[in-house]
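Here the structure comes first, spelled out in C-alpha coordinates, and everything after it is commentary.
The values are calculated or read from the model by the stated rules, or taken from the named source; none is laboratory data. Just so it is clear, the structure is predicted and the values come from calculations on it, not from any experiment. Neighbour counts run over all protein chains shown; Cβ positions are idealised from the backbone, glycine included. When the accessible area is computed, the model is the full protein with side chains, heavy atoms only, and any ligands, DNA or RNA have been set aside. Shrake-Rupley method; radii C 1.70, N 1.55, O 1.52, S 1.80 Å.
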Amino acid sequence: MIRKASLPLAGSFLLSSMVAVPSAFADFIGDAKGSLNTQNYYFSRDFRDGAGQSKREEWAQGFILKLESGYTEGTVGFGVDAMGMLGVKLDSSPDRTGTGLLARGADSRAEDEYSKLSLTAKVRMGETEFFVGGLSPTLPLLASNSSRLFPQIWTGAQLISRDLDKFTFHLGQVGKVKQRDSTDSEDLTTMAQIGAYSGSATSDSYTYGGVDFEPIEKMQISLHTSELEDFYRRNYLGFKYAMPLSENSSVFTEIRYFTASETGAETLGEVDNRVISSLIGYSLGGHRISGGYQKVSGNTAYAYIGGADTYLFSEQQVSNFALQDERALHARYDYNFAAIGVPGLTFTLRYVKGDNVDPENIATAQAAALRAAGEEGREWERTTDITYVVQSGPLKDLSMRWRNATNRSTYARGADENRVMLGYTIKF
(Lines give C-alpha, C1' and ligand atoms only; values in the text may rest on other atoms or scores of the structure.)
Protein backbone atom coordinates (compact mmCIF):
# COMPACT_ATOMS: atom_id res chain seq x y z
CA MET A 1 0.00 0.00 0.00
CA ILE A 2 1.33 3.43 -0.96
CA ARG A 3 1.32 5.99 1.83
CA LYS A 4 -0.67 9.10 0.99
CA ALA A 5 1.73 11.93 0.27
CA SER A 6 1.42 15.48 1.52
CA LEU A 7 1.46 18.07 -1.26
CA PRO A 8 2.51 20.95 1.04
CA LEU A 9 5.38 18.86 2.41
CA ALA A 10 6.51 17.93 -1.11
CA GLY A 11 6.31 21.56 -2.19
CA SER A 12 8.36 22.71 0.80
CA PHE A 13 11.03 20.10 0.09
CA LEU A 14 11.17 21.16 -3.55
CA LEU A 15 11.50 24.85 -2.65
CA SER A 16 14.22 24.28 -0.06
CA SER A 17 16.21 22.15 -2.50
CA MET A 18 16.19 24.88 -5.14
CA VAL A 19 17.08 27.63 -2.67
CA ALA A 20 20.03 25.58 -1.43
CA VAL A 21 21.35 25.05 -4.95
CA PRO A 22 20.71 28.21 -7.06
CA SER A 23 22.41 26.76 -10.14
CA ALA A 24 19.71 24.10 -10.27
CA PHE A 25 17.40 26.69 -11.82
CA ALA A 26 19.18 26.38 -15.19
CA ASP A 27 17.13 23.45 -16.50
CA PHE A 28 14.19 24.16 -14.20
CA ILE A 29 13.55 27.43 -16.06
CA GLY A 30 15.23 26.68 -19.39
CA ASP A 31 13.11 23.59 -20.06
CA ALA A 32 9.89 25.18 -18.81
CA LYS A 33 6.92 25.47 -21.14
CA GLY A 34 3.39 26.77 -20.99
CA SER A 35 0.17 27.04 -22.94
CA LEU A 36 -3.17 28.83 -22.83
CA ASN A 37 -6.05 26.83 -24.25
CA THR A 38 -9.41 28.47 -24.94
CA GLN A 39 -12.48 26.46 -25.84
CA ASN A 40 -15.98 27.58 -26.72
CA TYR A 41 -18.26 24.59 -26.11
CA TYR A 42 -21.93 24.01 -26.95
CA PHE A 43 -23.57 20.81 -25.68
CA SER A 44 -27.12 19.57 -26.35
CA ARG A 45 -28.59 16.17 -25.42
CA ASP A 46 -32.26 15.88 -26.39
CA PHE A 47 -34.03 12.92 -24.78
CA ARG A 48 -36.49 11.34 -27.20
CA ASP A 49 -38.70 9.42 -24.76
CA GLY A 50 -39.43 8.69 -21.10
CA ALA A 51 -40.20 10.93 -18.12
CA GLY A 52 -37.90 13.51 -16.54
CA GLN A 53 -35.73 16.35 -17.82
CA SER A 54 -36.36 16.57 -21.57
CA LYS A 55 -33.07 18.21 -22.56
CA ARG A 56 -29.58 19.04 -21.29
CA GLU A 57 -28.33 22.07 -23.16
CA GLU A 58 -25.65 24.60 -22.20
CA TRP A 59 -23.05 26.86 -23.80
CA ALA A 60 -19.80 27.77 -22.06
CA GLN A 61 -16.36 29.28 -22.54
CA GLY A 62 -13.35 27.62 -20.96
CA PHE A 63 -9.76 28.71 -20.36
CA ILE A 64 -6.91 26.40 -19.29
CA LEU A 65 -3.50 27.85 -18.41
CA LYS A 66 -0.77 25.20 -18.10
CA LEU A 67 2.70 25.89 -16.73
CA GLU A 68 5.26 23.08 -16.64
CA SER A 69 8.75 23.56 -15.26
CA GLY A 70 11.79 21.62 -16.29
CA TYR A 71 13.77 19.62 -13.73
CA THR A 72 16.57 20.98 -11.58
CA GLU A 73 20.07 19.78 -12.40
CA GLY A 74 21.65 16.83 -10.66
CA THR A 75 21.14 13.12 -10.20
CA VAL A 76 17.71 13.83 -8.70
CA GLY A 77 15.76 16.61 -10.41
CA PHE A 78 12.79 18.50 -8.99
CA GLY A 79 10.03 20.42 -10.72
CA VAL A 80 6.49 21.66 -10.42
CA ASP A 81 3.48 21.87 -12.76
CA ALA A 82 0.42 24.08 -12.43
CA MET A 83 -2.90 24.19 -14.24
CA GLY A 84 -5.49 26.93 -13.75
CA MET A 85 -9.01 26.57 -15.16
CA LEU A 86 -11.80 29.13 -15.62
CA GLY A 87 -15.26 28.30 -16.94
CA VAL A 88 -17.76 31.00 -17.93
CA LYS A 89 -21.48 30.50 -18.52
CA LEU A 90 -22.75 31.76 -21.86
CA ASP A 91 -26.18 30.10 -21.81
CA SER A 92 -28.03 27.82 -19.39
CA SER A 93 -31.32 27.47 -17.52
CA PRO A 94 -32.48 25.35 -14.54
CA ASP A 95 -34.41 22.93 -16.78
CA ARG A 96 -31.39 22.31 -19.07
CA THR A 97 -28.43 21.86 -16.66
CA GLY A 98 -26.36 18.73 -16.13
CA THR A 99 -24.29 18.78 -19.30
CA GLY A 100 -20.98 18.50 -17.45
CA LEU A 101 -19.82 21.89 -18.74
CA LEU A 102 -20.77 24.14 -15.82
CA ALA A 103 -20.63 23.88 -12.04
CA ARG A 104 -23.98 24.03 -10.25
CA GLY A 105 -24.95 25.60 -6.94
CA ALA A 106 -27.14 24.17 -4.19
CA ASP A 107 -30.22 25.27 -6.15
CA SER A 108 -29.02 23.24 -9.19
CA ARG A 109 -28.59 26.42 -11.21
CA ALA A 110 -25.40 26.79 -13.24
CA GLU A 111 -22.85 29.17 -11.78
CA ASP A 112 -22.01 32.27 -13.85
CA GLU A 113 -18.36 31.25 -13.62
CA TYR A 114 -16.16 28.82 -11.73
CA SER A 115 -12.43 28.27 -11.41
CA LYS A 116 -10.01 25.71 -10.01
CA LEU A 117 -6.29 25.15 -9.65
CA SER A 118 -4.22 21.97 -9.86
CA LEU A 119 -0.63 21.84 -8.54
CA THR A 120 1.75 18.92 -9.00
CA ALA A 121 5.23 18.49 -7.54
CA LYS A 122 7.49 16.16 -9.49
CA VAL A 123 10.81 14.36 -9.02
CA ARG A 124 12.93 12.64 -11.66
CA MET A 125 15.83 10.22 -11.33
CA GLY A 126 17.02 8.62 -14.55
CA GLU A 127 13.93 7.50 -16.45
CA THR A 128 11.76 7.35 -13.34
CA GLU A 129 9.35 10.17 -12.47
CA PHE A 130 7.30 10.65 -9.31
CA PHE A 131 4.32 13.03 -9.16
CA VAL A 132 2.44 14.30 -6.09
CA GLY A 133 -0.69 16.44 -6.28
CA GLY A 134 -3.07 16.82 -9.20
CA LEU A 135 -3.07 13.86 -11.63
CA SER A 136 -4.86 13.14 -14.92
CA PRO A 137 -3.68 9.62 -15.85
CA THR A 138 -4.80 7.77 -18.97
CA LEU A 139 -4.40 4.18 -17.84
CA PRO A 140 -6.57 1.09 -18.36
CA LEU A 141 -7.81 1.13 -14.75
CA LEU A 142 -7.79 4.90 -14.20
CA ALA A 143 -8.58 6.96 -17.29
CA SER A 144 -9.24 10.65 -16.59
CA ASN A 145 -12.31 11.95 -18.42
CA SER A 146 -11.59 15.02 -20.55
CA SER A 147 -14.68 15.14 -22.77
CA ARG A 148 -15.98 18.50 -21.50
CA LEU A 149 -14.37 21.90 -20.79
CA PHE A 150 -11.91 20.59 -18.19
CA PRO A 151 -10.26 17.26 -17.40
CA GLN A 152 -11.07 15.20 -14.35
CA ILE A 153 -8.32 15.81 -11.74
CA TRP A 154 -7.34 13.23 -9.13
CA THR A 155 -5.36 14.06 -5.99
CA GLY A 156 -2.66 11.59 -5.04
CA ALA A 157 0.75 10.25 -6.01
CA GLN A 158 1.99 8.37 -9.05
CA LEU A 159 5.28 6.83 -10.15
CA ILE A 160 6.19 6.08 -13.78
CA SER A 161 9.44 4.24 -14.53
CA ARG A 162 11.05 3.47 -17.90
CA ASP A 163 14.51 2.63 -16.58
CA LEU A 164 14.25 -1.00 -17.67
CA ASP A 165 14.44 -1.33 -21.46
CA LYS A 166 11.13 -2.24 -23.12
CA PHE A 167 9.22 -1.93 -19.81
CA THR A 168 7.07 0.86 -18.39
CA PHE A 169 5.97 0.52 -14.76
CA HIS A 170 3.07 2.42 -13.18
CA LEU A 171 2.25 2.70 -9.47
CA GLY A 172 -0.09 5.15 -7.80
CA GLN A 173 -2.74 5.98 -5.26
CA VAL A 174 -5.46 8.65 -5.30
CA GLY A 175 -7.87 9.66 -2.55
CA LYS A 176 -9.88 12.60 -3.89
CA VAL A 177 -11.22 13.79 -7.24
CA LYS A 178 -12.38 17.05 -8.83
CA GLN A 179 -14.95 16.15 -11.45
CA ARG A 180 -15.01 17.93 -14.80
CA ASP A 181 -17.69 20.44 -13.77
CA SER A 182 -16.86 20.79 -10.07
CA THR A 183 -14.49 22.83 -7.91
CA ASP A 184 -14.82 20.51 -4.90
CA SER A 185 -12.43 17.73 -3.95
CA GLU A 186 -14.75 14.77 -3.44
CA ASP A 187 -14.43 11.22 -2.16
CA LEU A 188 -14.22 8.43 -4.71
CA THR A 189 -17.33 6.70 -6.03
CA THR A 190 -18.34 4.08 -8.57
CA MET A 191 -20.38 4.73 -11.70
CA ALA A 192 -23.93 3.65 -10.93
CA GLN A 193 -24.44 2.02 -14.32
CA ILE A 194 -28.19 2.89 -14.29
CA GLY A 195 -28.81 1.23 -10.94
CA ALA A 196 -26.35 -1.66 -11.00
CA TYR A 197 -24.31 -0.08 -8.16
CA SER A 198 -24.70 2.61 -5.55
CA GLY A 199 -23.39 5.85 -7.01
CA SER A 200 -23.37 7.60 -3.62
CA ALA A 201 -21.23 5.18 -1.57
CA THR A 202 -17.74 6.62 -1.10
CA SER A 203 -14.18 5.42 -0.60
CA ASP A 204 -11.04 7.43 0.20
CA SER A 205 -8.41 5.24 -1.47
CA TYR A 206 -7.82 3.81 -4.92
CA THR A 207 -4.49 2.06 -5.44
CA TYR A 208 -3.32 1.01 -8.90
CA GLY A 209 -0.25 -0.38 -10.59
CA GLY A 210 0.88 -2.21 -13.67
CA VAL A 211 3.50 -2.92 -16.29
CA ASP A 212 3.58 -2.44 -20.07
CA PHE A 213 6.05 -4.60 -21.99
CA GLU A 214 7.11 -4.11 -25.62
CA PRO A 215 8.85 -7.35 -26.70
CA ILE A 216 9.16 -6.14 -30.30
CA GLU A 217 8.45 -2.91 -32.14
CA LYS A 218 4.75 -1.98 -32.32
CA MET A 219 3.70 -4.77 -29.92
CA GLN A 220 2.68 -4.21 -26.30
CA ILE A 221 1.54 -6.57 -23.55
CA SER A 222 0.04 -5.00 -20.41
CA LEU A 223 -0.86 -6.30 -16.97
CA HIS A 224 -2.47 -3.94 -14.43
CA THR A 225 -4.27 -4.32 -11.10
CA SER A 226 -6.09 -1.96 -8.74
CA GLU A 227 -8.25 -1.78 -5.63
CA LEU A 228 -10.94 0.68 -4.59
CA GLU A 229 -10.77 0.26 -0.83
CA ASP A 230 -13.71 -1.74 0.58
CA PHE A 231 -15.39 -1.80 -2.83
CA TYR A 232 -13.69 -4.01 -5.41
CA ARG A 233 -10.46 -5.21 -6.97
CA ARG A 234 -10.00 -4.76 -10.72
CA ASN A 235 -7.50 -6.42 -13.06
CA TYR A 236 -6.56 -5.77 -16.67
CA LEU A 237 -4.75 -7.75 -19.34
CA GLY A 238 -4.06 -6.09 -22.67
CA PHE A 239 -2.43 -6.91 -25.98
CA LYS A 240 -1.93 -4.72 -29.04
CA TYR A 241 0.05 -5.05 -32.22
CA ALA A 242 0.38 -3.11 -35.47
CA MET A 243 2.03 -4.63 -38.55
CA PRO A 244 3.00 -2.46 -41.52
CA LEU A 245 2.08 -3.95 -44.89
CA SER A 246 3.57 -1.25 -47.07
CA GLU A 247 4.72 2.34 -46.86
CA ASN A 248 1.17 3.64 -46.35
CA SER A 249 -0.81 0.64 -45.11
CA SER A 250 -0.97 -1.56 -42.00
CA VAL A 251 -3.15 -3.94 -40.03
CA PHE A 252 -3.63 -3.64 -36.29
CA THR A 253 -5.36 -5.40 -33.44
CA GLU A 254 -5.95 -4.87 -29.73
CA ILE A 255 -7.59 -6.96 -27.01
CA ARG A 256 -8.54 -5.59 -23.58
CA TYR A 257 -9.71 -7.92 -20.82
CA PHE A 258 -11.03 -6.69 -17.45
CA THR A 259 -12.15 -8.48 -14.28
CA ALA A 260 -13.71 -7.10 -11.09
CA SER A 261 -14.73 -8.67 -7.77
CA GLU A 262 -15.76 -7.31 -4.38
CA THR A 263 -13.18 -6.82 -1.63
CA GLY A 264 -12.80 -5.57 1.95
CA ALA A 265 -16.07 -4.45 3.53
CA GLU A 266 -17.88 -5.12 0.22
CA THR A 267 -19.63 -1.75 0.42
CA LEU A 268 -21.30 -2.21 -2.98
CA GLY A 269 -22.37 -5.77 -2.33
CA GLU A 270 -21.67 -8.28 -5.08
CA VAL A 271 -19.27 -7.24 -7.83
CA ASP A 272 -18.75 -10.06 -10.32
CA ASN A 273 -17.73 -8.85 -13.74
CA ARG A 274 -15.57 -9.83 -16.71
CA VAL A 275 -15.32 -7.93 -19.98
CA ILE A 276 -13.46 -8.67 -23.18
CA SER A 277 -13.24 -5.77 -25.62
CA SER A 278 -11.53 -6.30 -28.97
CA LEU A 279 -10.49 -4.29 -32.01
CA ILE A 280 -9.11 -5.21 -35.41
CA GLY A 281 -8.48 -2.87 -38.30
CA TYR A 282 -6.79 -1.90 -41.53
CA SER A 283 -5.39 1.43 -42.66
CA LEU A 284 -4.52 2.54 -46.19
CA GLY A 285 -3.48 6.09 -46.95
CA GLY A 286 -6.07 8.38 -45.38
CA HIS A 287 -8.53 5.52 -44.73
CA ARG A 288 -8.78 3.58 -41.49
CA ILE A 289 -11.42 0.87 -41.01
CA SER A 290 -11.80 -0.96 -37.69
CA GLY A 291 -14.29 -2.87 -35.57
CA GLY A 292 -14.66 -5.58 -33.01
CA TYR A 293 -16.69 -7.53 -30.48
CA GLN A 294 -17.28 -6.90 -26.79
CA LYS A 295 -18.88 -9.15 -24.18
CA VAL A 296 -19.80 -8.50 -20.55
CA SER A 297 -19.96 -11.63 -18.35
CA GLY A 298 -20.71 -12.30 -14.68
CA ASN A 299 -23.52 -11.30 -12.34
CA THR A 300 -23.03 -7.51 -12.46
CA ALA A 301 -22.33 -4.68 -14.91
CA TYR A 302 -18.85 -3.37 -15.75
CA ALA A 303 -17.43 -1.65 -12.65
CA TYR A 304 -15.30 1.50 -12.86
CA ILE A 305 -14.48 4.69 -10.95
CA GLY A 306 -17.09 7.46 -10.84
CA GLY A 307 -16.74 10.02 -13.64
CA ALA A 308 -13.81 8.28 -15.38
CA ASP A 309 -13.62 6.89 -18.90
CA THR A 310 -14.31 3.16 -19.29
CA TYR A 311 -11.29 2.35 -21.51
CA LEU A 312 -13.65 0.14 -23.54
CA PHE A 313 -13.80 0.23 -27.33
CA SER A 314 -17.60 0.37 -27.18
CA GLU A 315 -17.82 3.65 -25.22
CA GLN A 316 -19.76 6.27 -27.16
CA GLN A 317 -21.12 9.76 -26.42
CA VAL A 318 -24.36 8.57 -24.77
CA SER A 319 -23.86 4.90 -23.83
CA ASN A 320 -20.90 2.73 -22.81
CA PHE A 321 -22.54 -0.61 -23.82
CA ALA A 322 -21.25 -2.33 -20.67
CA LEU A 323 -24.26 -3.50 -18.65
CA GLN A 324 -24.84 -6.96 -17.23
CA ASP A 325 -24.48 -9.71 -19.88
CA GLU A 326 -24.38 -7.15 -22.69
CA ARG A 327 -22.67 -8.03 -25.94
CA ALA A 328 -21.80 -5.44 -28.54
CA LEU A 329 -20.52 -5.21 -32.08
CA HIS A 330 -18.76 -1.98 -33.03
CA ALA A 331 -17.51 -0.57 -36.33
CA ARG A 332 -15.57 2.59 -37.14
CA TYR A 333 -14.35 4.47 -40.20
CA ASP A 334 -11.79 7.30 -40.08
CA TYR A 335 -10.58 9.46 -42.94
CA ASN A 336 -7.75 11.98 -42.93
CA PHE A 337 -8.26 14.47 -45.76
CA ALA A 338 -4.53 15.24 -45.81
CA ALA A 339 -4.38 12.28 -48.21
CA ILE A 340 -6.15 14.41 -50.86
CA GLY A 341 -4.40 17.67 -50.03
CA VAL A 342 -6.56 19.04 -47.20
CA PRO A 343 -4.40 18.71 -44.07
CA GLY A 344 -6.12 19.35 -40.75
CA LEU A 345 -9.51 17.96 -41.78
CA THR A 346 -10.56 14.59 -40.32
CA PHE A 347 -13.81 12.60 -40.28
CA THR A 348 -14.94 9.72 -38.05
CA LEU A 349 -18.10 7.58 -38.25
CA ARG A 350 -18.88 5.00 -35.55
CA TYR A 351 -21.70 2.52 -34.98
CA VAL A 352 -22.26 0.23 -31.99
CA LYS A 353 -25.08 -2.28 -31.53
CA GLY A 354 -25.70 -3.95 -28.17
CA ASP A 355 -28.10 -6.71 -27.11
CA ASN A 356 -28.59 -9.50 -24.54
CA VAL A 357 -28.76 -6.89 -21.72
CA ASP A 358 -30.04 -8.35 -18.44
CA PRO A 359 -32.52 -5.71 -17.11
CA GLU A 360 -32.60 -7.14 -13.55
CA ASN A 361 -30.52 -4.36 -11.96
CA ILE A 362 -31.44 -1.46 -14.25
CA ALA A 363 -33.45 1.24 -12.46
CA THR A 364 -35.65 2.57 -15.28
CA ALA A 365 -39.34 2.21 -16.18
CA GLN A 366 -38.34 0.68 -19.51
CA ALA A 367 -36.25 -1.99 -17.75
CA ALA A 368 -39.15 -2.78 -15.42
CA ALA A 369 -41.34 -3.42 -18.47
CA LEU A 370 -38.68 -5.72 -19.93
CA ARG A 371 -38.49 -7.66 -16.66
CA ALA A 372 -42.27 -8.06 -16.60
CA ALA A 373 -42.25 -9.35 -20.17
CA GLY A 374 -39.23 -11.59 -19.61
CA GLU A 375 -37.27 -9.82 -22.36
CA GLU A 376 -33.67 -8.66 -22.74
CA GLY A 377 -32.51 -5.12 -23.47
CA ARG A 378 -31.12 -3.80 -26.76
CA GLU A 379 -29.55 -0.53 -27.88
CA TRP A 380 -27.62 1.10 -30.71
CA GLU A 381 -25.70 4.32 -31.21
CA ARG A 382 -24.28 6.12 -34.22
CA THR A 383 -21.76 8.96 -33.84
CA THR A 384 -20.16 11.32 -36.33
CA ASP A 385 -17.12 13.50 -35.66
CA ILE A 386 -15.77 16.18 -38.02
CA THR A 387 -12.70 18.20 -37.00
CA TYR A 388 -10.68 20.86 -38.76
CA VAL A 389 -7.47 22.46 -37.46
CA VAL A 390 -6.10 25.51 -39.30
CA GLN A 391 -2.59 24.67 -40.47
CA SER A 392 -1.05 28.05 -41.21
CA GLY A 393 -1.56 31.80 -41.22
CA PRO A 394 -2.70 34.11 -38.39
CA LEU A 395 -5.32 31.54 -37.24
CA LYS A 396 -2.89 28.61 -37.14
CA ASP A 397 -3.95 25.92 -34.60
CA LEU A 398 -7.55 27.18 -34.43
CA SER A 399 -9.70 24.04 -34.20
CA MET A 400 -13.35 23.51 -35.07
CA ARG A 401 -15.17 20.30 -34.14
CA TRP A 402 -18.71 18.96 -34.46
CA ARG A 403 -19.77 15.72 -32.76
CA ASN A 404 -23.22 14.24 -33.38
CA ALA A 405 -24.80 11.15 -31.82
CA THR A 406 -28.06 9.25 -32.08
CA ASN A 407 -28.84 6.62 -29.43
CA ARG A 408 -31.88 4.38 -29.15
CA SER A 409 -32.52 1.85 -26.36
CA THR A 410 -35.24 -0.49 -25.12
CA TYR A 411 -34.15 -0.18 -21.47
CA ALA A 412 -33.25 3.54 -21.16
CA ARG A 413 -34.17 6.89 -22.69
CA GLY A 414 -33.01 7.42 -26.25
CA ALA A 415 -31.20 10.67 -27.07
CA ASP A 416 -29.99 12.85 -29.90
CA GLU A 417 -26.82 14.76 -29.07
CA ASN A 418 -24.73 17.53 -30.61
CA ARG A 419 -21.46 19.02 -29.40
CA VAL A 420 -19.83 21.98 -31.14
CA MET A 421 -16.34 23.09 -30.03
CA LEU A 422 -14.18 25.98 -31.14
CA GLY A 423 -10.69 25.94 -29.65
CA TYR A 424 -7.41 27.83 -29.84
CA THR A 425 -4.12 27.17 -28.08
CA ILE A 426 -1.25 29.58 -27.54
CA LYS A 427 2.04 27.93 -26.63
CA PHE A 428 4.92 29.75 -24.96
Interchain or sequence-distant (5+) residues whose placed amide H lies within less than 5 Å of the amide H of Tyr232 are Thr263
Any lysines whose Cα falls less than 20 Å from that of Lys427, other than same-chain ones fewer than 8 residues away, would be Lys33, Lys66, Lys396
Using eta = 1.306 mPa s and T = 10 °C, Stokes-Einstein with Kirkwood Rh from Cα pairs puts D for region 228-324, in µm² s⁻¹, at 106 µm²/s
Filtered hits (aspartates and glutamates, Cα-Cα < 15 Å from Lys353, offset >= 8 within chain) -> Glu315, Asp325, Glu326, Glu376, Glu379, Glu381
Here FRET efficiency (C-beta to C-beta, Ser399 to Ala242, R₀ 41 Å, nearest 0.05) is 0.95
Note: Asn356 to Ile216 extended length (0.36 nm per residue) minus current alpha-carbon separation gives 46.6 nm
Taking placed amide H atoms and a strict 5 Å upper bound, the residues 5 or more places from Arg378 or on another chain that come that close are Thr410, Tyr411
Beyond 22 Å (Cα-Cα) in this structure, taken from Lys89/Lys178; Lys218/Lys295; Lys55/Lys176, we find Lys218/Lys295; Lys55/Lys176
Taking the alpha-carbon centre of each part, the distance from region 154-209 to region 221-293 in Å is 18 Å
Averaged per residue, the 1.4 Å probe accessible area of the chain, protein heavy atoms only, in Å², is roughly 48 Å²
Here the convex hull volume per residue of the chain, taken over Cα atoms and given in Å³, is 159 Å³
If N is the residue count of region 161-277, its Cα Rg over 2.2 N^0.38 Å rounds to 1.32
For region 19-175, the percent of all C-alpha pairs falling in each 10 Å bin, from 0 up to the bin holding the max distance, is 10, 29, 29, 18, 11, 3, 0
To the nearest 0.05, the calculated FRET efficiency linking Glu73 and Arg382 through their beta-carbon distance, R0 being 56 Å, is 0.55
Looking only at aspartates and glutamates whose Cα falls under 18 Å of Lys166's and that sit 8 or more positions away or on another chain, we get Glu127, Glu129, Asp212, Glu214, Glu217
Contour minus Cα-Cα span, Asn299 to Ile29, at 0.36 nm per residue, comes to 91.8 nm
In the chain the accessible area split gives carbon plus sulfur, as whole percent at 1.4 Å, a share of 56 percent
Helix 7-20: inclination vs the chain longest Cα principal axis, degrees, rounded to 10, gives 20 degrees
Unit-weight point scatterers at every alpha-carbon of region 76-147, Debye formula, q = 0.15, 0.27 1/Å: log10 I(q)/I(0) is -0.70, -1.18
Phi-derived 3J(HN,Hα) across region 103-118 with the Karplus relation (6.51, -1.76, 1.60, θ = phi - 60°), rounded Hz, x for Gly and Pro, is 5, 10, x, 4, 8, 6, 7, 5, 5, 4, 7, 8, 9, 7, 10, 10
Burial-style ranking of 305-316, 388-399, 254-265, average other-beta-carbon count within 10 Å with highest first, yields 305-316, 254-265, 388-399
